[in-house]
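Heads up, the thing below is written out as structure tokens.
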Amino acid sequence: MTVFQELKARGLIAQATDEEAIEKMLSTEKGVKFYIGFDPTADSLHVGHFLQMVVMGHMQRAGHIPIALFGGGTGMVGDPTGRTDMRKMLTKEQIAHNIECFKKQMAGIVDFSDGKAIMVNNADWLLGLNYIDFLREVGVHFSVNRMLTAECFKQRLERGLSFLEFNYMLMQSYDFLVLNRKYGCRLELGGDDQWSNIIGGVELVRRSDKKEVYGLTFTLLTTSDGKKMGKTSGGAVWLDPEKTSPYDFYQYWRNVEDADVLRCIKMLTFIPLEEIAKMETWQGAELNRAKEILAFEVTKMVHGEEEAKKAEAAAKALFGGGAAAEIPTVVLSKDLFADGKIGLLDIMVAAGAAPSKGEARRLVIQGGVNVNGAKVTDATVRYEEKDFADFVLGKGKKTFIKITL
């Protein structure tokens, strides 16, 4: 099975500028360079970005070379796609900080060693542009009439579209032209909401340099009833453990609907399709096992195997013991910390898990206390502030309390 066929079988491909040519290129050539753009609008990647990195991983495993393009330049304008109003303007310093955060998170999923993948920042060629030269080289190839038919612009015309945002398509298209000239990049990938911008880049390269390049979009991550995934009542599901703890990240995937679990496994993991096909016969309680597999695999990819095991153990301790799906949360006061640490007994009293430190000590010594599913028998153990990014205190088999700062 070619990588194109694999992506298609996993339900990842939405649209292609020339499906036959793209499949032929990816199956007959090695080291095809392709790119995906990431605008640094926040200081963490989220679940939508994760899907894009999984696609990069499939392509990389097939011998092709990903180019991760960070929008140091386009991020200063803001993509109007999917927006009902203009994005908040970021400073150069905020954008630079966000890009550094992106790089660290991405390096854990995509292999950038030994030239296997490339990181670039479009600020390197966009910020120094001469506007008149840019208009003459790039703007001449774009029809305003046609641009206004693009979905990303159409939905904004009634509410108001700034001229600043109107330039975004030209800038993204120019990225493809630069990457083709500099690296020989021949394929742009992106979410299906980027279709208009991707077509703009493909046509610019063809008109400007008379070269054939291609565009491919992948399916947006949605539930079976069409709602966008990666959102909770508390906001986005982030890849940064400080924003979404590994435990909460695990639980998000553990709690997907039955109708969505196999689709998520296909789209978000590297589990072989033959193994997933066997799961398609699973029903009822068996689907809970599929959800555990999904949650563990995705958490392992983002946070590492050790954190995935901790999250899995904590979840099994909670739900295996018959606890309710919604466990209470206690916020610790930082006044309880001494030298940046707090003892387990103090945590238990503050959380209401024991009426006194003496009773807390007895529970610990008798083996009735666990943290993240792992039994704790040392009553003198102390924890640092960083430990509370993911901290579930268990007493006995049925009492669980999430501790945060």
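Using the reciprocal of the averaged 1/r over all distinct C-alpha pairs, how large is the Kirkwood radius of the chain in Å?
Hydrodynamic radius (Kirkwood, Cα only) of the chain equals 23.5 Å.
Taking θ = phi - 60°, what integer Hz values does the Karplus form 6.51 cos²θ - 1.76 cosθ + 1.60 yield along the stretch 200-208, in sequence order, with x for Gly and Pro?
x, x, 4, 6, 5, 4, 5, 6, 7
Explain nothing, just the number: dipole magnitude of the chain about its Cα centre with +1 on each Lys and Arg Cβ and -1 on each Asp and Glu Cβ, in debye rounded to the nearest 20.
420 debye
Quick one: length gained pulling residue 242 to residue 136 fully straight, 0.36 nm per residue minus the C-alpha distance?
The residue 242-residue 136 span can extend by a further 33.6 nm.
Quick one: Karplus J couplings for the stretch 285-291, per residue in order, coefficients 6.51, -1.76, 1.60, θ = phi - 60°, nearest Hz, x for Gly and Pro?
With the stated coefficients, the stretch 285-291 comes to 5, 4, 5, 5, 5, 4, 5 Hz.
Scan the stretch 140-201 for trypsin sites (Lys or Arg not before Pro) in coil per DSSP, keeping those whose Cβ has at most 14 other Cβ atoms within 10 Å, and list them by number.
Passing both the DSSP loop test and the Cβ count: 159.
For each pair in 228/278; 103/309; 310/402; 8/154; 104/243; 24/278, compute the distance between the two Cα atoms and list the pairs where it is over 19 Å.
Long pairs (Cα-Cα over 19 Å): 228/278; 103/309; 8/154; 24/278.
Work through the residues other than residue 247 whose Cβ is under 9 Å from its Cβ and net out their charges, Lys, Arg +1 and Asp, Glu -1.
Spelling it out: positives minus negatives among the neighbours equals -1.
Please list log₁₀ I(q)/I(0) at q = 0.11, 0.16, 0.17 Å⁻¹ for the stretch 329-404, using the Debye equation with identical point scatterers on the alpha-carbon positions.
-0.22, -0.48, -0.55
Divide by every residue of the chain the summed helix terms, -39500 (n - 2.57) for each DSSP H run of at least 4, and state the resulting mean residue ellipticity at 222 nm, rounded to the nearest 500 deg cm²/dmol.
-13500 deg cm²/dmol
Comparing 39, 18, 390, which has the greatest mean-square fluctuation in the GNM of the chain with Cα pairs linked when under 10 Å apart?
18
Can you check what the net charge comes to around residue 18, using other residues whose Cβ is under 10 Å from the Cβ of residue 18 (Lys, Arg +1; Asp, Glu -1)?
-3
Per-residue HN-Hα couplings for the stretch 36-52, Karplus 6.51 cos²θ - 1.76 cosθ + 1.60 at θ = phi - 60°, whole Hz, x for Gly and Pro?
10, x, 10, 7, x, 7, 9, 8, 8, 6, 10, 4, x, 5, 4, 4, 5
Work from the charge dipole of the stretch 231-320 (Cβ charges, +1 for Lys and Arg, -1 for Asp and Glu, about the Cα centre) and give the residue of 288, 301, 265 farthest towards its positive end.
Positive-most Cα among the choices belongs to 288.
Cα atoms only, the stretch 3-218: Rg and Dmax in Å?
Every Cα atom of the stretch 3-218 included, Rg and Dmax give 16.5, 49 Å.
Read-outs throughout are calculated quantities, based only on the coordinates presented, and are distinct from any laboratory measurement. These numbers come from a predicted model, not from an experiment. A quick note on method: Cβ atoms are made from the backbone with ideal geometry, for glycine too, and the neighbour counts reach across all protein chains shown.
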